[in-house]
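The values are calculated or read from the model by the stated rules, or taken from the named source; none is laboratory data. From a predicted model like this one, the values you see are computed outputs, not experimental measurements. No Cβ is skipped: glycine too gets one built from the backbone with ideal geometry, and neighbour counts run over all protein chains shown. Ligands, DNA and RNA are excluded from the accessible area calculation, which covers all protein heavy atoms including side chains. Shrake-Rupley method; radii C 1.70, N 1.55, O 1.52, S 1.80 Å.
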Amino acid sequence: MLVPMTQLSLRRPMYGFGLLMLTHVTVQSRAESCWNSSKRQRRETADGIKAVQLLSSTTSSRKPVTLTSQIDKFGGVTVHLGQQDCVGTLDESSFCALLEDSLRQWKSEDRIAVWLHVPILQSKFITVAASLGFRFHHAEHDLSTLCLWLGEGCSRLPLYASHQLGVAGAVLNEITGQVLVVQDRNRTTNAWKFPGGLSDPNEDIGDTAVREVFEETGLPLNMSSFDRLMLLNWTDG
């Protein structure tokens with residue numbers, strides 16, 4: 001602090017001058033110290049703000065964690081939970097957060113639909129997916145497939161392809177002119193039909209006819225026993 005001039009006048013002139021100079025130097029040194037300290041604090045504050053801004057910029061530009069997916073030719077994404085390394089260790093709440101982040105990312109990319117394949121051992125995640133709008137599409141063996149429409153308007157996702165193909169074998173005795181028919185136990189009395197039934201998946205229709213004739217009549221046949229295709233009963237559903 002500065003010494004008042006009244007105090008300096010009480011001292012001997014030679015010391016007063018020296019005291020005045022010394023006091024002035026001391027005050028200047030303290031002022032510079034305060035200025036340097038304030039400048040250092042402002043610089044540290046500025047550096048801190050830059051660091052926060054840099055961290056914020058890095059965080060905002062970092063790509064969010066999402067489920068691994070494959071993009072199909074129609075603009076949708078397909079997710080196989082059984083192939084996700086991280087899913088096996090997640091609980092329902094953690095999976096919900098991950099799926100929500102993934103949906104936000106896919107919507108920002110203008111994806112129109114999501115196909116979610118869930119193994120039977122990970123069925124606990126089906127409830128989570130359903131709470132976010134997913135619905136069952138189909139199920140086969142130990143795998144369920146859920147879907148979610150992300151596009152505008154009503155869903156344009158196709159229904160699961162399913163059908164029933166009925167095949168019957170018309171067995172004709174060319175010598176007697178007799179035709180082999182059977183009576184269906186589940187039908188009304190005196191209802192007769194050609195032996196036949198539903199074709200198994202990936203089964204040739206000729207093999208179906210041979211199998212059904214044998215199963216319903218015990219008559220062993222082979223493919224060469226049939227020389228023409230007469231009728232197919234095709235039911236969608």
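So, ARG156, is that one at pLDDT 85 or above, open to solvent by 30 Å² or more (accessible area, probe 1.4 Å) and either under 30 Å from ALA113 (Cβ atoms) or hydrophobic (A, V, I, L, M, F, W, C) (or both) or not? Considered against the rule, which asks whether it is at pLDDT 85 or above, open to solvent by 30 Å² or more (accessible area, probe 1.4 Å) and either under 30 Å from ALA113 (Cβ atoms) or hydrophobic (A, V, I, L, M, F, W, C) (or both), ARG156 comes out as yes. In summary, LEU150 fulfils each of the numbered conditions (1) surrounded by fewer than 17 Cβ atoms within 10 Å (Cβ to Cβ); (2) on the phi < 0 side of the Ramachandran plot with the single exception of condition (1). For segment 95-132, residues that are under 19 Å from GLY76 (Cα atoms), open to solvent by less than 40 Å² (accessible area, probe 1.4 Å) and assigned to a strand (DSSP E or B) total 5. Tallying residues that are within 12 Å of the chain's Cα centre (by Cα) and over 22 Å from ASN202 (Cβ atoms) within segment 106-125 yields 9. One residue alone among GLY169, GLY133, GLY151 is under 19 Å from the mean Cα position of the chain (by Cα), at pLDDT below 95 and of a type in the set (Gly, Ala, Ser), and that residue is GLY151. Restricting the first member to segment 101-118 and to residues that are without any contact (Cβ under 8 Å) to a residue 60 or more places away in the chain, and the second to residues that are surrounded by fewer than 19 Cβ atoms within 10 Å (Cβ to Cβ) and among the polar types (S, T, N, Q), the beta-carbon pairs closer than 6 Å and six or more apart or on different chains are ASP101/THR66; SER102/THR66; GLN105/THR66; TRP115/THR78; HIS117/THR145.
Scanning segment 70-85 for residues that are open to solvent by 40 Å² or more (accessible area, probe 1.4 Å) and either assigned to a strand (DSSP E or B) or at pLDDT 95 or above (or both) returns GLN70, ILE71, HIS80. Within segment 207-237, the set of residues being surrounded by 13 or more Cβ atoms within 10 Å (Cβ to Cβ) and either touching a Pro at 6+ places or on another chain (Cβ under 9 Å) or at pLDDT 85 or above (or both) comprises ASP207, THR208, ALA209, VAL210, ARG211, GLU212, VAL213, PHE214, GLU216, THR217, LEU219.
Filtered by the rule that a residue be over 18 Å from LEU157 (Cβ atoms) and free of Cβ contacts under 8 Å to residues at least 24 places away in the same chain, segment 68-87 gives THR68, GLN83, GLN84, ASP85, CYS86.
Those strands (runs of 3 or more DSSP E) of segment 133-184 in which at least 2 residues are without any contact (Cβ under 8 Å) to a residue 40 or more places away in the chain, considering only elements entirely within it, cover 135-140, 143-149.
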